[in-house]
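Comments concern the structure below.
The numbers here are math on the coordinates, done by the rules we state, and not lab data. All values reported here derive from a predicted model rather than from experimental measurement. Positions of Cβ are backbone-derived with ideal geometry, glycine not excepted, and every protein chain shown enters the neighbour counts.
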Amino acid sequence: MKNYTVEVVIQNKPVARDPEGETIHRDLLLKGGYENVKSVRAGKYIQLEVQAEGPEDAEKLVFEMCNALRLYNPVVHTSRIQVREK
């Protein structure tokens, strides 16, 4: 088995409101003088170190884990999984 670094990025779907991103944009960036920034989308970043037979197995393991443990809600969130060999 090999060790893999697996990165998971979870974001609200484009049609869903993003209150955290809106607050960052309004209360930090615009008030800080960054008027050129037109919108912000916030999300979650999760990095895992896993052992698997191959990169496909590492991705499958993390995908199943995210769904089984409900780390995101597929109705309102998107997720992106990237596997890197250590």
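Things worth noting here:
- Separation of the Leu28 and Met65 label points, Cα + 7 Å toward Cβ, nm: 2.7 nm
- Between Ala68, Val15, Thr5, the Cα set farthest toward the positive side of the dipole of the chain (charges on each charged residue's Cβ, about the Cα centre) is that of Val15.
- A helix-only calculation puts the chain at -6500 deg cm²/dmol for mean residue ellipticity at 222 nm, using -39500 (n - 2.57) for each DSSP H run of at least four residues, averaged over all residues.
- Taking GluC sites (Glu not before Pro) in DSSP loop conformation with at most 11 other Cβ atoms inside 10 Å as exposed sites, the chain has its longest uninterrupted site-free stretch at 1-34.
- Eligible lysines near Lys2 by straight Cα distance, threshold 29 Å, same-chain separation 8 or greater: Lys44, Lys60, Lys86
- Volume per residue for segment 2-85 equals 108 cubic angstrom (convex hull of Cα atoms).
- Annotation for Ala42 and Glu20: the two label points, set 7 Å from Cα along the Cα-Cβ direction, are 0.6 nm apart.
- Taken about its Cα centre, the chain carries a charge dipole of roughly 320 debye when the Cβ of each Lys and Arg holds +1 and the Cβ of each Asp and Glu holds -1.
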